[in-house]
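Notes to accompany the following structure.
Laboratory data are not the source of any read-out in this text; all were calculated from the coordinates shown. Just so you know, these numbers come straight off a predicted model, no measurement behind them. Glycine also receives a Cβ, built like all others from the backbone with ideal geometry; neighbour counts cover every protein chain displayed.
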Amino acid sequence: MAARFEVRHQPAKGYHFVLIATNGQVIATSEHYETHRACLGGIDSVKRNADAPVHDVTSDAGKGR
């Protein structure tokens, strides 16, 4: 089974999506969106930008921790 996005709805909170890995584990959760369409737009944005470089701004970056 391939990784997948799952759209979820919570009353009074709106829509959000989760990214589920091939092993069934949730590996990412989005912010809440007011509309279903906006949530789908968030998924499209992640798909377009997923091949982005990592920019680690933590204070211990590169110290092997």
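Just to compare against my own numbers: the Cα pair-distance distribution for the chain, 5 Å bins, whole % per bin, please.
Over the chain, the share of Cα pairs per 5 Å bin runs 4, 15, 20, 18, 16, 13, 9, 4, 1 percent.
Between the DSSP loop rule and a limit of at most 11 other Cβ atoms within 10 Å, which trypsin sites (Lys or Arg not before Pro) in the stretch 1-46 are left?
Counting only loop positions with at most 11 other Cβ atoms within 10 Å, the trypsin sites (Lys or Arg not before Pro) in the stretch 1-46 are 13.
Just to confirm the filter: which GluC sites (Glu not before Pro) across the chain are DSSP coil and have at most 15 other Cβ within 10 angstrom of their Cβ?
31, 34
Against the longest principal axis of the chain, how steep is helix 36-49, in degrees 0 to 90 to the nearest 10, with axes from Cα atoms?
Orientation of helix 36-49: about 30 degrees from the principal axis.
Give me the percent relative contact order of the stretch 1-45, please, defined on Cα pairs under 8 angstrom at least 6 residues apart.
So the answer I get is 33 percent.
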